[in-house]
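So the structure is just underneath, and the comments pick up after that.
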Amino acid sequence: MREIIIHTNKIKKIPLILAYILYPIINLSTRFAGYKLSNNWIDAVWGLLFLLSIPFILIKTRIVFKRNLFIIGIVGISISFIWVGLHLLVNLVNIRNQIELIPLLMELKPFFYLVFALLWIQIWGIPTDDNFIRSGVWLGIILMADFAIESALAGQIVRISGSGEINYDAMLLVLSICFLMANNKLGQRRYILQTTLIFLGLFASLSRTGLVTAILFVFIFWKINFPIKVSVVSATFFIVLLSFWVRGLEFTLVSADRFWMWDTAIKLFTDHPVEFLLGFGVQKLPVMIPPQLTVLWVDLQQAGWDLSGIYAYSFHAFWLRFVISWGVVATIPLFCLLGSFLFTQRSSILMRSLSLLFLIGGLTMGVVYLSNVGIPLIIAIVAGLMGSKLRIMESKKLNPGFENVSRPKSILSTK
(Lines give C-alpha, C1' and ligand atoms only; values in the text may rest on other atoms or scores of the structure.)
Protein backbone atom coordinates (compact mmCIF):
# COMPACT_ATOMS: atom_id res chain seq x y z
CA MET A 1 0.00 0.00 0.00
CA ARG A 2 2.80 2.41 0.89
CA GLU A 3 4.48 1.66 -2.46
CA ILE A 4 1.26 2.65 -4.26
CA ILE A 5 1.08 5.94 -2.31
CA ILE A 6 4.69 6.81 -3.09
CA HIS A 7 4.17 5.91 -6.76
CA THR A 8 1.12 8.18 -6.95
CA ASN A 9 3.08 10.97 -5.28
CA LYS A 10 5.70 10.76 -8.03
CA ILE A 11 3.07 10.86 -10.78
CA LYS A 12 1.29 13.91 -9.37
CA LYS A 13 4.56 15.89 -9.75
CA ILE A 14 4.85 15.25 -13.51
CA PRO A 15 3.29 18.59 -14.65
CA LEU A 16 5.76 20.47 -12.43
CA ILE A 17 8.73 18.41 -13.61
CA LEU A 18 7.77 19.12 -17.22
CA ALA A 19 7.17 22.86 -16.80
CA TYR A 20 10.02 23.67 -14.42
CA ILE A 21 12.77 21.28 -15.49
CA LEU A 22 12.31 19.34 -18.73
CA TYR A 23 10.95 22.15 -20.90
CA PRO A 24 13.86 24.56 -20.27
CA ILE A 25 16.46 21.76 -20.49
CA ILE A 26 15.03 20.48 -23.79
CA ASN A 27 14.85 23.97 -25.27
CA LEU A 28 18.38 24.86 -24.16
CA SER A 29 19.80 21.55 -25.42
CA THR A 30 18.23 21.84 -28.86
CA ARG A 31 19.23 25.50 -29.18
CA PHE A 32 22.86 24.82 -28.30
CA ALA A 33 22.74 21.94 -30.81
CA GLY A 34 21.66 24.37 -33.52
CA TYR A 35 17.98 23.41 -33.75
CA LYS A 36 14.96 25.63 -33.20
CA LEU A 37 11.78 24.12 -31.78
CA SER A 38 8.37 25.29 -32.97
CA ASN A 39 6.46 27.76 -30.81
CA ASN A 40 3.73 25.28 -29.90
CA TRP A 41 5.81 22.22 -28.99
CA ILE A 42 5.03 22.55 -25.28
CA ASP A 43 1.29 22.42 -25.95
CA ALA A 44 1.86 19.31 -28.05
CA VAL A 45 3.50 17.62 -25.04
CA TRP A 46 0.58 18.62 -22.80
CA GLY A 47 -1.84 17.20 -25.36
CA LEU A 48 0.08 13.92 -25.55
CA LEU A 49 0.14 13.62 -21.76
CA PHE A 50 -3.60 14.28 -21.67
CA LEU A 51 -4.24 11.51 -24.21
CA LEU A 52 -2.10 9.09 -22.19
CA SER A 53 -4.18 9.95 -19.11
CA ILE A 54 -7.53 9.14 -20.74
CA PRO A 55 -7.49 5.41 -19.75
CA PHE A 56 -7.00 6.41 -16.10
CA ILE A 57 -9.77 9.01 -16.44
CA LEU A 58 -12.18 6.34 -17.69
CA ILE A 59 -11.17 3.88 -14.96
CA LYS A 60 -11.71 6.39 -12.14
CA THR A 61 -14.79 8.15 -13.53
CA ARG A 62 -17.12 6.91 -10.79
CA ILE A 63 -14.75 8.01 -8.03
CA VAL A 64 -14.12 11.37 -9.66
CA PHE A 65 -17.79 12.27 -9.99
CA LYS A 66 -18.29 11.79 -6.26
CA ARG A 67 -15.95 14.64 -5.40
CA ASN A 68 -17.27 18.15 -4.91
CA LEU A 69 -14.28 19.84 -6.52
CA PHE A 70 -14.82 17.96 -9.75
CA ILE A 71 -18.53 18.83 -9.80
CA ILE A 72 -17.79 22.51 -9.22
CA GLY A 73 -15.16 22.38 -11.95
CA ILE A 74 -17.51 20.72 -14.41
CA VAL A 75 -20.19 23.35 -13.78
CA GLY A 76 -17.69 26.16 -14.29
CA ILE A 77 -16.25 24.56 -17.41
CA SER A 78 -19.74 23.97 -18.83
CA ILE A 79 -20.69 27.63 -18.35
CA SER A 80 -17.41 28.72 -19.91
CA PHE A 81 -17.82 26.52 -22.94
CA ILE A 82 -21.43 27.64 -23.44
CA TRP A 83 -20.20 31.24 -23.51
CA VAL A 84 -17.39 30.33 -25.89
CA GLY A 85 -19.80 28.37 -28.08
CA LEU A 86 -22.13 31.34 -28.38
CA HIS A 87 -19.23 33.48 -29.57
CA LEU A 88 -18.18 30.93 -32.15
CA LEU A 89 -21.77 30.54 -33.37
CA VAL A 90 -22.11 34.29 -33.86
CA ASN A 91 -18.87 34.36 -35.84
CA LEU A 92 -19.91 31.43 -38.00
CA VAL A 93 -23.28 32.97 -38.79
CA ASN A 94 -21.61 36.18 -39.86
CA ILE A 95 -19.90 35.17 -43.12
CA ARG A 96 -17.66 38.24 -43.03
CA ASN A 97 -15.96 36.94 -39.89
CA GLN A 98 -14.53 33.59 -40.88
CA ILE A 99 -12.83 31.84 -37.97
CA GLU A 100 -9.13 31.14 -38.35
CA LEU A 101 -8.02 27.85 -36.77
CA ILE A 102 -4.83 29.07 -35.09
CA PRO A 103 -6.38 32.10 -33.28
CA LEU A 104 -9.27 29.85 -32.22
CA LEU A 105 -6.95 27.25 -30.68
CA MET A 106 -4.92 29.96 -28.96
CA GLU A 107 -8.01 31.42 -27.28
CA LEU A 108 -9.20 27.97 -26.19
CA LYS A 109 -5.89 27.18 -24.45
CA PRO A 110 -6.98 28.27 -20.92
CA PHE A 111 -10.05 26.03 -21.13
CA PHE A 112 -7.92 23.04 -22.13
CA TYR A 113 -5.46 23.80 -19.33
CA LEU A 114 -8.35 24.00 -16.85
CA VAL A 115 -9.75 20.63 -17.91
CA PHE A 116 -6.29 19.05 -17.86
CA ALA A 117 -5.43 20.41 -14.41
CA LEU A 118 -8.71 19.44 -12.77
CA LEU A 119 -8.72 15.93 -14.18
CA TRP A 120 -5.05 15.42 -13.29
CA ILE A 121 -5.70 16.50 -9.72
CA GLN A 122 -8.74 14.30 -9.34
CA ILE A 123 -6.91 11.24 -10.67
CA TRP A 124 -3.42 11.63 -9.17
CA GLY A 125 -3.78 14.28 -6.48
CA ILE A 126 -2.28 17.71 -5.76
CA PRO A 127 1.50 18.21 -5.70
CA THR A 128 2.73 19.25 -2.28
CA ASP A 129 3.98 22.72 -1.40
CA ASP A 130 7.49 21.30 -1.27
CA ASN A 131 7.11 20.02 -4.84
CA PHE A 132 6.49 23.59 -6.05
CA ILE A 133 9.41 24.96 -4.00
CA ARG A 134 11.90 22.30 -5.08
CA SER A 135 10.84 22.70 -8.72
CA GLY A 136 11.52 26.43 -8.42
CA VAL A 137 14.97 25.70 -7.00
CA TRP A 138 15.81 23.46 -9.95
CA LEU A 139 14.56 26.04 -12.45
CA GLY A 140 16.58 28.75 -10.68
CA ILE A 141 19.74 26.63 -10.99
CA ILE A 142 19.03 25.97 -14.69
CA LEU A 143 18.50 29.66 -15.45
CA MET A 144 21.63 30.69 -13.52
CA ALA A 145 23.70 28.16 -15.46
CA ASP A 146 22.20 29.33 -18.75
CA PHE A 147 22.87 32.97 -17.84
CA ALA A 148 26.49 32.27 -16.89
CA ILE A 149 27.22 30.20 -20.02
CA GLU A 150 25.56 32.51 -22.54
CA SER A 151 27.02 35.67 -20.99
CA ALA A 152 30.50 34.11 -20.96
CA LEU A 153 30.20 33.06 -24.61
CA ALA A 154 28.95 36.50 -25.64
CA GLY A 155 31.47 38.38 -23.51
CA GLN A 156 28.70 40.52 -22.04
CA ILE A 157 25.47 40.27 -20.06
CA VAL A 158 22.74 38.76 -22.23
CA ARG A 159 19.03 38.06 -21.84
CA ILE A 160 18.54 34.29 -21.85
CA SER A 161 15.57 32.42 -23.35
CA GLY A 162 15.00 29.61 -20.84
CA SER A 163 12.22 27.33 -22.04
CA GLY A 164 11.58 29.59 -25.02
CA GLU A 165 10.22 32.78 -23.45
CA ILE A 166 12.11 33.75 -20.31
CA ASN A 167 9.21 35.76 -18.89
CA TYR A 168 7.23 32.52 -18.62
CA ASP A 169 10.01 30.89 -16.59
CA ALA A 170 10.16 33.95 -14.36
CA MET A 171 6.45 33.62 -13.62
CA LEU A 172 7.02 29.99 -12.60
CA LEU A 173 9.69 31.17 -10.17
CA VAL A 174 7.30 33.75 -8.71
CA LEU A 175 4.76 30.94 -8.36
CA SER A 176 7.31 29.02 -6.29
CA ILE A 177 7.90 32.15 -4.19
CA CYS A 178 4.19 32.08 -3.31
CA PHE A 179 4.68 28.65 -1.74
CA LEU A 180 7.89 29.77 -0.05
CA MET A 181 6.11 32.63 1.69
CA ALA A 182 3.34 30.29 2.80
CA ASN A 183 5.89 27.85 4.25
CA ASN A 184 8.48 29.99 6.03
CA LYS A 185 9.17 27.40 8.76
CA LEU A 186 10.83 24.71 6.70
CA GLY A 187 14.02 25.03 8.70
CA GLN A 188 16.54 27.81 8.77
CA ARG A 189 19.26 26.55 6.41
CA ARG A 190 16.95 24.89 3.94
CA TYR A 191 14.64 27.90 3.73
CA ILE A 192 17.49 30.37 3.22
CA LEU A 193 19.12 28.17 0.55
CA GLN A 194 15.90 27.61 -1.39
CA THR A 195 14.96 31.29 -1.22
CA THR A 196 18.41 32.36 -2.41
CA LEU A 197 18.48 29.96 -5.38
CA ILE A 198 14.99 30.90 -6.54
CA PHE A 199 15.68 34.64 -6.33
CA LEU A 200 19.02 34.26 -8.10
CA GLY A 201 17.23 32.41 -10.89
CA LEU A 202 14.69 35.25 -11.05
CA PHE A 203 17.54 37.78 -11.23
CA ALA A 204 19.11 35.78 -14.08
CA SER A 205 15.84 35.94 -16.03
CA LEU A 206 15.93 39.76 -16.15
CA SER A 207 12.13 39.62 -16.37
CA ARG A 208 10.65 42.98 -15.43
CA THR A 209 7.17 41.60 -14.76
CA GLY A 210 8.52 38.78 -12.60
CA LEU A 211 10.85 41.10 -10.69
CA VAL A 212 8.23 43.77 -10.01
CA THR A 213 5.76 41.12 -8.81
CA ALA A 214 8.45 39.70 -6.53
CA ILE A 215 9.04 43.19 -5.06
CA LEU A 216 5.34 43.48 -4.23
CA PHE A 217 5.40 40.04 -2.63
CA VAL A 218 8.35 40.97 -0.44
CA PHE A 219 6.69 44.21 0.67
CA ILE A 220 3.22 42.80 1.34
CA PHE A 221 3.54 39.18 2.41
CA TRP A 222 7.08 38.26 3.37
CA LYS A 223 7.62 38.25 7.14
CA ILE A 224 11.35 38.91 7.29
CA ASN A 225 13.51 41.44 9.12
CA PHE A 226 13.21 44.93 7.68
CA PRO A 227 16.92 45.34 6.73
CA ILE A 228 16.80 42.04 4.82
CA LYS A 229 13.54 43.11 3.14
CA VAL A 230 15.11 46.41 2.02
CA SER A 231 18.19 44.57 0.71
CA VAL A 232 16.08 42.12 -1.34
CA VAL A 233 13.90 44.90 -2.76
CA SER A 234 16.94 47.04 -3.62
CA ALA A 235 18.68 44.16 -5.39
CA THR A 236 15.51 43.33 -7.31
CA PHE A 237 15.00 46.95 -8.38
CA PHE A 238 18.63 47.09 -9.57
CA ILE A 239 18.03 44.02 -11.76
CA VAL A 240 14.94 45.73 -13.22
CA LEU A 241 17.13 48.66 -14.27
CA LEU A 242 19.71 46.22 -15.63
CA SER A 243 17.00 44.58 -17.72
CA PHE A 244 16.27 47.88 -19.46
CA TRP A 245 19.97 48.45 -20.08
CA VAL A 246 20.62 44.96 -21.48
CA ARG A 247 17.72 45.27 -23.93
CA GLY A 248 18.70 48.79 -24.94
CA LEU A 249 15.40 50.28 -23.72
CA GLU A 250 14.77 53.67 -22.19
CA PHE A 251 13.50 53.66 -18.62
CA THR A 252 10.19 55.25 -19.62
CA LEU A 253 6.62 53.99 -19.83
CA VAL A 254 6.21 54.69 -23.54
CA SER A 255 9.26 52.56 -24.38
CA ALA A 256 7.41 49.41 -23.25
CA ASP A 257 5.46 47.48 -25.88
CA ARG A 258 2.79 46.67 -23.23
CA PHE A 259 2.03 50.38 -22.93
CA TRP A 260 1.11 50.54 -26.60
CA MET A 261 -0.93 47.36 -26.34
CA TRP A 262 -3.00 48.91 -23.56
CA ASP A 263 -3.27 52.18 -25.48
CA THR A 264 -4.48 50.36 -28.61
CA ALA A 265 -6.94 48.23 -26.63
CA ILE A 266 -8.47 51.24 -24.86
CA LYS A 267 -9.07 52.91 -28.22
CA LEU A 268 -10.60 49.66 -29.49
CA PHE A 269 -12.97 49.46 -26.52
CA THR A 270 -13.91 53.14 -26.87
CA ASP A 271 -14.84 52.68 -30.53
CA HIS A 272 -16.73 49.40 -29.95
CA PRO A 273 -18.58 49.57 -26.60
CA VAL A 274 -20.89 46.62 -27.35
CA GLU A 275 -17.97 44.32 -28.13
CA PHE A 276 -16.27 45.62 -24.99
CA LEU A 277 -19.18 44.23 -22.99
CA LEU A 278 -19.70 40.95 -24.86
CA GLY A 279 -16.35 40.34 -26.55
CA PHE A 280 -15.17 40.16 -30.14
CA GLY A 281 -14.84 36.38 -30.09
CA VAL A 282 -12.22 34.90 -32.41
CA GLN A 283 -11.99 37.30 -35.33
CA LYS A 284 -9.76 39.96 -36.81
CA LEU A 285 -9.81 43.12 -34.77
CA PRO A 286 -10.50 46.58 -36.26
CA VAL A 287 -7.39 48.24 -34.86
CA MET A 288 -4.77 50.61 -36.18
CA ILE A 289 -1.30 49.18 -35.57
CA PRO A 290 0.90 51.76 -33.81
CA PRO A 291 4.41 52.12 -35.27
CA GLN A 292 5.91 50.93 -31.98
CA LEU A 293 4.27 47.49 -32.44
CA THR A 294 4.84 47.00 -36.16
CA VAL A 295 7.89 44.75 -35.73
CA LEU A 296 6.26 42.61 -33.02
CA TRP A 297 2.77 42.32 -34.48
CA VAL A 298 3.51 42.29 -38.21
CA ASP A 299 7.08 41.09 -38.75
CA LEU A 300 7.08 38.47 -35.97
CA GLN A 301 3.58 37.36 -35.02
CA GLN A 302 1.74 37.66 -38.33
CA ALA A 303 4.65 36.30 -40.33
CA GLY A 304 5.31 33.57 -37.78
CA TRP A 305 1.74 32.26 -37.89
CA ASP A 306 1.16 33.10 -41.56
CA LEU A 307 -1.89 35.19 -40.67
CA SER A 308 -3.10 38.59 -41.76
CA GLY A 309 -4.72 40.90 -39.26
CA ILE A 310 -4.56 41.45 -35.52
CA TYR A 311 -6.23 38.97 -33.17
CA ALA A 312 -6.68 38.85 -29.40
CA TYR A 313 -3.44 36.88 -28.93
CA SER A 314 -1.48 39.94 -30.11
CA PHE A 315 -2.35 41.61 -26.80
CA HIS A 316 -0.05 39.89 -24.32
CA ALA A 317 -1.79 41.03 -21.12
CA PHE A 318 -4.30 38.48 -19.82
CA TRP A 319 -6.89 41.07 -18.83
CA LEU A 320 -6.81 42.72 -22.25
CA ARG A 321 -6.84 39.45 -24.13
CA PHE A 322 -9.68 37.95 -22.11
CA VAL A 323 -11.86 41.07 -22.36
CA ILE A 324 -11.24 41.31 -26.11
CA SER A 325 -12.17 37.66 -26.66
CA TRP A 326 -15.02 37.09 -24.22
CA GLY A 327 -16.06 40.53 -23.00
CA VAL A 328 -15.98 42.40 -19.73
CA VAL A 329 -19.18 40.59 -18.69
CA ALA A 330 -17.19 37.35 -18.45
CA THR A 331 -14.11 39.05 -16.99
CA ILE A 332 -15.56 40.99 -14.05
CA PRO A 333 -16.62 37.89 -12.04
CA LEU A 334 -13.09 36.45 -12.32
CA PHE A 335 -11.54 39.78 -11.34
CA CYS A 336 -13.86 40.11 -8.32
CA LEU A 337 -13.18 36.52 -7.24
CA LEU A 338 -9.42 37.06 -7.22
CA GLY A 339 -9.89 40.39 -5.47
CA SER A 340 -11.98 38.77 -2.76
CA PHE A 341 -9.20 36.27 -2.04
CA LEU A 342 -6.61 39.05 -1.96
CA PHE A 343 -8.42 41.41 0.39
CA THR A 344 -10.13 38.91 2.69
CA GLN A 345 -8.07 38.50 5.82
CA ARG A 346 -9.33 34.95 6.31
CA SER A 347 -7.66 33.91 3.06
CA SER A 348 -4.37 32.06 3.40
CA ILE A 349 -1.11 33.72 2.44
CA LEU A 350 -0.88 31.25 -0.43
CA MET A 351 -4.26 32.24 -1.90
CA ARG A 352 -3.60 35.94 -1.40
CA SER A 353 -0.20 35.76 -3.09
CA LEU A 354 -1.56 33.60 -5.95
CA SER A 355 -4.37 36.10 -6.48
CA LEU A 356 -1.89 38.97 -6.57
CA LEU A 357 0.28 37.02 -9.02
CA PHE A 358 -2.74 36.56 -11.30
CA LEU A 359 -3.93 40.17 -10.97
CA ILE A 360 -0.55 41.86 -11.39
CA GLY A 361 0.97 39.37 -13.83
CA GLY A 362 -2.16 39.63 -15.97
CA LEU A 363 -1.48 43.33 -16.60
CA THR A 364 1.47 42.51 -18.86
CA MET A 365 1.45 38.73 -19.45
CA GLY A 366 -1.02 36.05 -20.51
CA VAL A 367 -0.83 34.12 -17.20
CA VAL A 368 -3.08 31.09 -17.87
CA TYR A 369 -2.60 31.51 -21.62
CA LEU A 370 1.12 30.76 -21.24
CA SER A 371 2.08 27.26 -22.39
CA ASN A 372 4.32 26.23 -19.49
CA VAL A 373 2.62 28.36 -16.80
CA GLY A 374 -1.12 27.79 -17.23
CA ILE A 375 -1.35 24.24 -15.89
CA PRO A 376 1.01 24.66 -12.88
CA LEU A 377 -0.76 27.90 -11.94
CA ILE A 378 -4.22 26.32 -12.05
CA ILE A 379 -2.96 23.38 -10.00
CA ALA A 380 -1.47 25.84 -7.49
CA ILE A 381 -4.76 27.74 -7.20
CA VAL A 382 -6.63 24.49 -6.55
CA ALA A 383 -4.01 23.64 -3.91
CA GLY A 384 -4.66 26.99 -2.26
CA LEU A 385 -8.43 26.48 -2.39
CA MET A 386 -8.15 23.02 -0.86
CA GLY A 387 -6.28 24.56 2.06
CA SER A 388 -3.17 23.50 3.91
CA LYS A 389 -4.85 20.98 6.22
CA LEU A 390 -5.48 18.38 3.54
CA ARG A 391 -1.98 18.80 2.07
CA ILE A 392 -0.39 18.40 5.52
CA MET A 393 -2.35 15.18 6.03
CA GLU A 394 -1.00 13.87 2.73
CA SER A 395 2.54 14.75 3.81
CA LYS A 396 2.04 12.80 7.05
CA LYS A 397 0.91 9.74 5.10
CA LEU A 398 3.96 9.90 2.86
CA ASN A 399 6.39 10.70 5.69
CA PRO A 400 5.56 8.81 8.92
CA GLY A 401 6.66 10.77 11.96
CA PHE A 402 6.28 14.03 10.04
CA GLU A 403 4.18 15.57 12.79
CA ASN A 404 6.84 14.81 15.41
CA VAL A 405 9.63 16.63 13.64
CA SER A 406 10.45 19.91 15.34
CA ARG A 407 11.35 22.70 12.97
CA PRO A 408 13.56 25.52 14.16
CA LYS A 409 12.22 28.97 13.64
CA SER A 410 13.89 30.82 10.80
CA ILE A 411 16.07 33.75 11.75
CA LEU A 412 14.48 35.53 8.79
CA SER A 413 11.11 35.69 10.54
CA THR A 414 10.18 38.74 12.54
CA LYS A 415 7.90 36.69 14.78
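Annotations for the structure displayed:
- Checked against the criteria, Ser348 does not count as surrounded by fewer than 24 Cβ atoms within 10 Å (Cβ to Cβ), touching an Asp or Glu at 6+ places or on another chain (Cβ under 6 Å) and either farther than 23 Å from Gly136 by Cβ or at pLDDT below 90 (or both).
- Residues (assigned to a helix (DSSP H, G or I) and touching a residue at least 60 places away in the same chain (Cβ under 8 Å)) located in the stretch 211-225: Val212, Thr213, Leu216, Phe217, Ile220
- Within this structure, Phe199 passes the test of being without any contact (Cβ under 8 Å) to a residue 60 or more places away in the chain and hydrophobic (A, V, I, L, M, F, W, C).
- Residue count for the stretch 352-388, restricted to those that are within 13 Å of Leu175 (Cβ to Cβ) and more than 14 Å from the chain's Cα centre (by Cα): 2
- Filtering the stretch 135-144 for residues that are farther than 22 Å from Lys10 by Cβ, of a type in the set (Ser, Thr, Tyr), out of contact with any His (no Cβ under 8 Å at 6 or more places or on another chain) and at pLDDT 90 or above leaves an empty set.
- Pairs where the first residue, in the stretch 348-360, is more than 17 Å from Lys223 (Cα to Cα) and the second is at pLDDT below 90 and among the β-branched types (Val, Ile, Thr), C-beta under 6 Å, 6+ apart: Ile360/Thr213
- Cβ separations smaller than 7 Å between residues 6+ apart or across chains give the following pairs from the stretch 163-175 residues that are within 15 Å of Asp130 (Cα to Cα) to residues that are in a loop (DSSP other than H, G, I, E, B) and β-branched (Val, Ile, Thr): Leu172/Val373.
- Condition check for Ile149: on the phi < 0 side of the Ramachandran plot and touching a helix residue (DSSP H, G or I) at 6+ places or on another chain (Cβ under 6 Å): no
- Which numbered condition Phe111 misses (of (1) without any contact (Cβ under 8 Å) to a residue 40 or more places away in the chain; (2) more than 16 Å from the chain's Cα centre (by Cα)): (2)
- Matching residues, the stretch 132-149, being free of Cβ contacts under 8 Å to residues at least 60 places away in the same chain and either crowded, with 18+ Cβ neighbours inside 10 Å or touching a Cys at 6+ places or on another chain (Cβ under 8 Å) (or both): Phe147
- Residues of the stretch 251-272 that are over 23 Å from Leu202 (Cβ atoms), surrounded by fewer than 13 Cβ atoms within 10 Å (Cβ to Cβ) and modelled with pLDDT under 90: Thr252, Val254.
- Check on Lys284, surrounded by 15 or more Cβ atoms within 10 Å (Cβ to Cβ) and either at pLDDT below 90 or in a loop (DSSP other than H, G, I, E, B) (or both): yes
The values are calculated or read from the model by the stated rules, or taken from the named source; none is laboratory data. Quick caveat: nothing in here was measured; it's all calculated off a predicted structure. All Cβ positions, even for glycine, are placed from backbone atoms using ideal geometry, and neighbour counts span all protein chains on display.
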